[in-house]
Structure formats: structure tokens, C-alpha cells
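To start, the structure under review is shown below, and the notes come after it.
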Amino acid sequence: MSSTPAPRDVDVVVIGAGQAGLSTAYGLLRQGFPPHTGFVVLDAEAAPGGAWQHRWDSLTLGTTHRVHDLPGLPFVPDDGTAPAVEAVPTYFAEYERHFDLPVLRPVRVRAVRRTADDRFRVESDAGTWTARAVVNATGTWTRPFVPRYPGQETFHGRQLHTVDYRSPEAFRGQHVVVVGGGSSATQLLGEISRVASTTWVTRRVPVWRDDEFDEDAGRAAVALVEEAVREGRRPGSVVGVTGLSTNTPYIRDALDRGVLDRLPMFDRITPDGVEWDATDTSPARSVRADAILWATGFRAAVGHLAPLQLRSPGGGIRMDGTSVAGEPRIHLVGYGPSASTIGANRAGQSAARQLRRLLRPELARPA
Ligand SMILES: Cc1cc2nc3c(=O)[nH]c(=O)nc-3n(C[C@H](O)[C@H](O)[C@H](O)COP(=O)(O)OP(=O)(O)OC[C@H]3O[C@@H](n4cnc5c(N)ncnc54)[C@H](O)[C@@H]3O)c2cc1C
């Protein structure tokens, strides 16, 4: 917890201190909001690093898609071998210190409500704040998604989600069914298959792309997710839009070893494994499994915003840029199209700019 006691009535409460919350805090600082009296950042973690402090040990900076620098302080590059679980939290800690950001932790926000005088009451396990605006930057890591399949509760082996994964050693000599069509699934298959046998199942046939995933392709993918959130639909994953890249050595290696030969989703889970019914093109079959690893993604961690009734009938929150449509005092940074390190950087600064114009137009524009 910061040593400066923070006032409980501020212009802006930022919830979450990952890439999205820190870039917003930097933006608010640059826009002239005074730390502590003008804004605070409430973070549920005991230490800096956001979700990065919980990622698996073998995820190095070389095997991530690329962790973009936060604005204003470069991430000192290494040779790509540093575990992200250590390197990113160290950088975030340095970032918070360097800019003396008013991050208060551990503070888990339980609910955000409107007050009678049309402000926001932010209720947490460390007390209550009131604010004129809220920036939600809580990411997705705390809301892992596991789909339901018949027989799931009867399985005798281990079931785990990406968030529970630590290292392949836990599976040595076993058979592991990996579920999911995203990059976490392919990365984990690549390493688990070196010590265990694996089966990969996905709902949709994976689309592989061997061209460079350039800025145009990135922009096109983000535009599709933007369209979804503008219409109030649940933001899908960017991989669903972009396809999976074959452009990394570990994926090429896994493809060469046949580890990424995919099967369609099974029909049910049994005590010993998984089963498929017969189809027109394949007979009924089963696979025995010691473990099922659900690399099936995440949902936005926005349950504490429920009292504000922001959800649209489409299941998502209708957005207008970084703010909730029709409510320019609530911004979601790191949500939908900004759910990447570079997207969060841009969205955090854009939200800060808009909040200055709205709440503190008298503050000087930064040079
Ligand atoms: C395995 C994996 C690898 C990835 N690799 C990349 C990559 O290489 N490049 C890239 O651009 N993106 C990557 N991503 C996406 C990545 O998660 C985002 O880009 C970015 O790190 C998310 O930042 P964030 O600030 O939104 O969320 P987080 O880092 O999750 O930070 C959210 C913070 O909010 C806190 N919080 C949550 N709920 C509450 C609450 N109720 N009250 C208070 N605090 C709360 C959390 O504890 C956390 O500290 C990856 C994602 C995964 C799952």
C-alpha cells in the first residue's frame, strides 16, 4: 500500500493496475490530474505486475506476442529469454515508482454504484471511494472461461484452465487433452508434448496464416472487435479474427512433430477420458486422458459493474470508443479492441484525455 494516505473523494478512480490501469494513470498524470486528490488506482493484487505475475514460468519475453512498453518509460529489452512472470512485474514496479503513481493495494473492488448526487461509489474490501468518473481496467485473467460438456463432473483425472498451468512437468508420462483454438492452447501443446502425449481439440477448424501479421492485419482485427462492442456484443478473441500464426519457431516445430493435428470437439467426457459419436465421415471413438487442459479463454472481469446495469441485450457492454455508450464518465480500458498491451496503452491515454475535457477543462493541455 502506498505510504501517502489517499483521500476517499476523487475525480477518477481507476480499477486495476495492469497495462491498462497503469497507462491510464500515466495519461491522467500527464493531463494534469493530481495524484491521490485527483485520482487513485485500486488494485486487487498484493504486488505490481497485473496478470503477468501469474503467468506460467516457461512463458518468456521471446515467446509472448510482444509486451509493448508502457508510455513514458522504456522496457529495458533482454535477449528474449527472461520469464515474463518476473520481467514484466519488475518493469511495472519500476514504472509505478518512477512516476510515483497512486496505486493502492491490495484493494479488491466489489461494486460500483451511482450515488444520489450522480457520482459513483466504489465499494471495496478496503473501504469506499467516491468519484466523478471511473476507469475500469480489470482485464480478464480473474475470469477464466470453461465451457460445459456432458459428463464433465464424472472425470477422474485432473481438469485445469490456462490460469492453473505452471509447467509441463506436472504431466510427464501422461496423456493430456488440450481444448481451445487460441495461442495459449498451441503454446502449451508445444511444451507439454515434449514430456507427455497430447490430443488437441477445437470447436472450429484452426486457420493458419504464414504471412507476417503486419499492422494492417492488426488494425483490421481490432476494427472487427470494435464493431462488436459498438453494437453491444460480447467482444470475441482477436485470434478468432486473425487466425494462428505459423511464424514462430516453436509453432513450426510443433507442426512438424504433428502435435497440432486437431480433432473436432468431443461429444462427452467420461470418467477415463473423452468420447466422440460416429459421424458420416468418422467412426465413434474415444481417447483416454489423465488430464484435460481447458485453454478456452476468458471473459471480461466486470462483475463489480453490475449495479450500473451497463450490459446490453447482446451480452456485452455497448461502447463508444473507450467509454460506455451514453455514459462518458465510465471508461473500459483493456476491454474488447483494447485488450492487448498496445491497445491498452492507446485506450488509457485516450480515456485520460477525454476525462480531462469532461471533468477538468481548466487543466492545461500537456505539451
Ligand atoms: C497467456 C497470455 C499471454 C498474453 N500475451 C500477450 C502479449 O504477448 N502481448 C499482448 O499485447 N497481450 C498479451 N496478452 C493479453 C494481455 O492479457 C493484455 O494485453 C494485457 O496484459 C492485459 O492488461 P490489463 O491491464 O487489461 O489486465 P491485467 O494485467 O489482468 O490487469 C488487471 C488488474 O486488475 C486487477 N483487478 C481485477 N479485478 C479487480 C477488482 N475487482 N478490483 C481491483 N482490481 C482488480 C487485477 O488483479 C490486475 O492487477 C496475453 C494474455 C494471456 C492470457
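Screening the candidates 315, 326 for the property of being open to solvent by 30 Å² or more (accessible area, probe 1.4 Å) and not assigned by TED's automatic domain parsing to the domain that holds residue 180 yields one hit, 326. Residue check: is residue 86 open to solvent by less than 40 Å² (accessible area, probe 1.4 Å) and closer than 15 Å to residue 18 by Cα? When the stated conditions are applied, residue 86 does not pass them. When 354, 349 are screened for being open to solvent by 20 Å² or more (accessible area, probe 1.4 Å) and either touching a Phe, Trp or Tyr at 6+ places or on another chain (Cβ under 8 Å) or assigned to a strand (DSSP E or B) (or both), only 349 passes. In this entry, residue 110 is excluded by the filter for residues that are away from the ligand (no atom under 13 Å from the Cβ), of a type outside the set (Asp, Glu) and open to solvent by 70 Å² or more (accessible area, probe 1.4 Å).
Of all residues in segment 95-107, which are open to solvent by 20 Å² or more (accessible area, probe 1.4 Å), more than 13 Å from the ligand (Cβ to nearest atom) and not in a helix (DSSP H, G or I)? Across segment 95-107, the qualifying residues are 99, 100.
Of the candidates 28, 22, the single residue that is open to solvent by less than 30 Å² (accessible area, probe 1.4 Å), away from the ligand (no atom under 11 Å from the Cβ), touching a residue at least 60 places away in the same chain (Cβ under 8 Å) and part of a helix (DSSP H, G or I) is 28.
For segment 106-137, the set of residues classified as among the hydroxyl-bearing types (Ser, Thr, Tyr) and more than 23 Å from the chain's Cα centre (by Cα) consists of 115, 128, 130, listed by residue number.
Scanning segment 46-53 turns up no residue that is open to solvent by less than 10 Å² (accessible area, probe 1.4 Å), in the same structural domain as residue 347 (by TED's automatic domain parsing) and more than 8 Å from the ligand (Cβ to nearest atom). Only one entry in 249, 307, 337, 264 is at pLDDT below 95 and either out of contact with any helix residue (DSSP H, G or I) (no Cβ under 6 Å at 6 or more places or on another chain) or open to solvent by less than 20 Å² (accessible area, probe 1.4 Å) (or both), namely 249. Once segment 170-191 is narrowed to residues that are in a helix (DSSP H, G or I) and within 11 Å of the ligand (Cβ to nearest atom), the residue that is surrounded by the fewest Cβ atoms within 10 Å (Cβ to Cβ) is 183. Evaluation of residue 33 against the conditions (1) within 24 Å of residue 362 (Cα to Cα); (2) outside any loop (DSSP other than H, G, I, E, B); (3) of a type in the set (Phe, Trp, Tyr) shows that the sole unmet condition is (2).
Here 40, 76 are screened, and the one residue that is more than 12 Å from the ligand (Cβ to nearest atom) and among the aliphatic types (A, V, I, L, M) is 76.
Return the residues of segment 131-150 that are open to solvent by less than 40 Å² (accessible area, probe 1.4 Å) and away from the ligand (no atom under 16 Å from the Cβ); say none if nothing qualifies. Listed by number, the residues that qualify are 133, 147.
All of 163, 195 fail the test of being assigned by TED's automatic domain parsing to the domain that holds residue 275, closer than 30 Å to residue 337 by Cα, surrounded by fewer than 21 Cβ atoms within 10 Å (Cβ to Cβ) and out of contact with any Ser or Thr (no Cβ under 8 Å at 6 or more places or on another chain), apart from 163.
Say whether the condition of being at pLDDT 85 or above, assigned to a helix (DSSP H, G or I) and either of a type outside the set (Ser, Thr, Tyr) or surrounded by 15 or more Cβ atoms within 10 Å (Cβ to Cβ) (or both) is met by at least one residue in segment 234-243. Within segment 234-243, none of the residues are at pLDDT 85 or above, assigned to a helix (DSSP H, G or I) and either of a type outside the set (Ser, Thr, Tyr) or surrounded by 15 or more Cβ atoms within 10 Å (Cβ to Cβ) (or both).
Every residue, every condition in (1) among the polar types (S, T, N, Q); (2) touching a Ser or Thr at 6+ places or on another chain (Cβ under 8 Å), yes or no:
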{"residue": "26", "(1), (2)": "no, no"}
{"residue": "32", "(1), (2)": "no, no"}
{"residue": "38", "(1), (2)": "no, no"}
{"residue": "56", "(1), (2)": "no, yes"}
{"residue": "64", "(1), (2)": "yes, no"}
{"residue": "75", "(1), (2)": "no, no"}
{"residue": "90", "(1), (2)": "yes, no"}
{"residue": "98", "(1), (2)": "no, no"}
{"residue": "111", "(1), (2)": "no, no"}
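The values are calculated or read from the model by the stated rules, or taken from the named source; none is laboratory data. Keep in mind that this is a model prediction, so the values were computed, not measured. Because the Cβ atoms are built from the backbone with ideal geometry, glycine has one as well, and the counts that use them run over all protein chains shown. Ligands, DNA and RNA are excluded from the accessible area calculation, which covers all protein heavy atoms including side chains. Shrake-Rupley method; radii C 1.70, N 1.55, O 1.52, S 1.80 Å.
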